[in-house]
Every structure is written in structure tokens, then in C-alpha cells.
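For reference, the structure discussed in these notes is given below.
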Amino acid sequence: MALIPTFATPPGFLGIERRDPGAAFTIAGIPLDIGTTNRAGARDGPSAIRRASRMLVDGAHPHHWVEPAATMDIADAGDFAIVLGDLAASLAAIEAQAAPLKHLVALGGEHGVTLPLLRALRKRVGEPLGLVQFDSHLDTWPENFGQRLAHGSVFYHALDEGLVDPRRMVQVGIRSPMGRDVRDWTLARGVTIIAAQEALETGPAAVAERVRAVLGGGPAYLSFDIDALDPAFAPGTGTPEVGGFATWQVQAILRRLGGVRFAGMDVVEVAPAHDVAEITSLAAATVAWEYLALLGAEGG
């Protein structure tokens, strides 16, 4: 438990002051949002998530009984450098900075940052990854308004480049308007789609069981778009969609994913300028904390 008041927690994620990149787990912010298609502002997500994480340092995780900042080998390496105004060059720079890190927990930033993170991780593990994507959008459009690298195309490229194994990829919480051709293309590749209404009707335990079955025993990645949550629980995002998860439902799913061979994760699309009372930033910080506690409970 922290020995200083919550408001005085150091500015790193969970108050972590270690900065070197040699830790078993590295937190890094990625302040990029030039590929967004609606409301901008996700570039401010990393700093807002770090501030909100102050609420998570007053003791152990109440389910896993792990205190990540105190008991795990974690560093907060600050924010990755980007190339101002150049989306392709920024993605290349992000990949290069992610490449040497052992296990990255990335704080976005727009969802497009996941593509270079998957490129780097695919090279490191030597095989296509399993992927669980919490999202209200498919993000498998070939392009967005003429931009091939926009945030709505990230998993089109991930599938096209063989970064992920489509038979081990599951999208959870999908509910936005979409082109039927885009959905059909995604399904034809072998991706599993769990629509938001199906997930809410069947409940967290059933969703977690299905996610585990799809991911199987190989290395896997968690990508969490904060708009998977209903806007009532995460208004501070660029492309909100009604009909999503409550925060407790996401926690209940994540806590049931023990044994999955996660090799990295990100939480993205937090746009604090549109937030209310830090609830979106706190939700994002909690998702990353849940992930670390899950791995910490397994000896990570």
C-alpha cells in the first residue's frame, strides 16, 4: 500500500518511477491521433491514463491479490516519439521503439498504434499472434476516407500482413454501423465476432470462455479500444457508440482470462477533452491494471 496521499502519487503509471527499458514489463504512452476519423484528442490519452491510475495504488488487486507496482518488475518508459504530421513515419518509429521491449503495455493514442506494435511483436515471437480485440468497431476497413493507415484499418492490415492468426482472433463488443462487405470479409478470413448484444445477453463468463477457446494455447495479444465500453462509462473517446459494456462486465471478462499466453497489450482511444470527471481515463487505467494483475497472479 502506498505511504503517501493518493493525490501526491508520482506521475508514472501506478506511480512507477523506474524508467529503464530492461524491465520484464514496460509501460509506454503513444500520443498519436492523426489517423482519427471523428473527434481528435487521443494524443492526450497517455498522460490522462497515468493521472487516473493514482486511484489504483492503495493496495492489492481484490481478486488476484497482486499489487503490480510493488511486486512486479515494471518500468514506465514515458512516451514514444512520433514524427509530427506523418502517419506512416510515426508508425515506423513506434515499431522501432517497441521492438526491444520484453513485454509492452501501451497507452494510446488512437487504435492505429496497434499495427506497429503487432509488427514488432510478430517478429519477436516468430509466429502469428492470437488476438482479442475489445471494440465497438470492426476496424477491418481497407481504408478510411482515402487513408490506408487510419485507425479504422488497423486489423485489415494486421490480417493482410499475417501478423495475427485469423482463426485465433476474436472481436468482442462490435456494434457500430458497418458495411456488410467489410463484415463478410472479416468473417471469411476466419475471425470470430462477438457482437455487443450477444455478449451482454450471454454474460461475462460465457464471453470469457469463448475468448479462451478462440485464443487457444499460443501467444496472444490484447487490444482494448475504450469505446468497447458504453458512452455512459466512457464518454471521453473519439467515436462513441451506444449499447456497449459496463465497466464491471469488462473486468469480469478479463479476470477470467488466466492461462492465456499474453505477450502484450494496449488500451487506446482515450480522448480526455471529451471526458467527464476522469471516468474514461480511470476505466482505461483499470483495464491495464487488470491485465498486469492477471499476469502477476500467474508469476509474471
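The values are calculated or read from the model by the stated rules, or taken from the named source; none is laboratory data. What you see is a predicted model, and the numbers here were worked out from it, not measured in a lab. Methodologically, a virtual Cβ is constructed for each residue, glycine included, from the backbone with ideal geometry; neighbour enumeration extends over all protein chains shown.
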Flag for Trp185 being surrounded by fewer than 17 Cβ atoms within 10 Å (Cβ to Cβ), of a type in the set (Phe, Trp, Tyr) and in a helix (DSSP H, G or I): no
Just one of Gly259, Gly243 is in contact with an Asp or Glu (Cβ under 8 Å, 6 or more places away or on another chain) and either closer than 21 Å to Ile279 by Cα or part of a helix (DSSP H, G or I) (or both); which is it? Gly243
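Residue-by-condition table, conditions (1) out of contact with any His (no Cβ under 6 Å at 6 or more places or on another chain); (2) farther than 20 Å from Leu294 by Cβ; (3) part of a loop (DSSP other than H, G, I, E, B):
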position: Ser136; (1), (2), (3): yes, yes, yes
position: Ala158; (1), (2), (3): yes, yes, no
position: Gly190; (1), (2), (3): yes, yes, yes
position: Glu198; (1), (2), (3): yes, yes, no
position: Tyr221; (1), (2), (3): yes, no, no
Give the residues of the range 230-287 that are within 30 Å of Arg124 (Cβ to Cβ) and either among the acidic types (Asp, Glu) or surrounded by fewer than 17 Cβ atoms within 10 Å (Cβ to Cβ) (or both), sorted by residue number. Gly258, Gly259, Arg261, Asp266, Glu269
Given (1) surrounded by fewer than 19 Cβ atoms within 10 Å (Cβ to Cβ); (2) at pLDDT below 95; (3) farther than 20 Å from Phe224 by Cβ, number of the condition Arg39 does not satisfy: (3)
Please name all residue pairs, on different chains or six or more residues apart, with Cβ atoms under 9 Å, provided the first residue is in the range 36-62 and is within 13 Å of Pro11 (Cα to Cα) and the second residue is surrounded by fewer than 20 Cβ atoms within 10 Å (Cβ to Cβ) and among the polar types (S, T, N, Q). Arg54/Thr6; Met55/Thr6; Val57/Thr6
Cβ pairs under 9 Å, 6+ apart or interchain, first in the range 126-141 and touching a residue at least 24 places away in the same chain (Cβ under 8 Å) and of a type in the set (Ser, Thr, Tyr), second buried (at least 24 other Cβ atoms within 10 Å of the Cβ) and in a loop (DSSP other than H, G, I, E, B), ordered by first then second residue, are Ser136/Gly244; Thr140/Val191
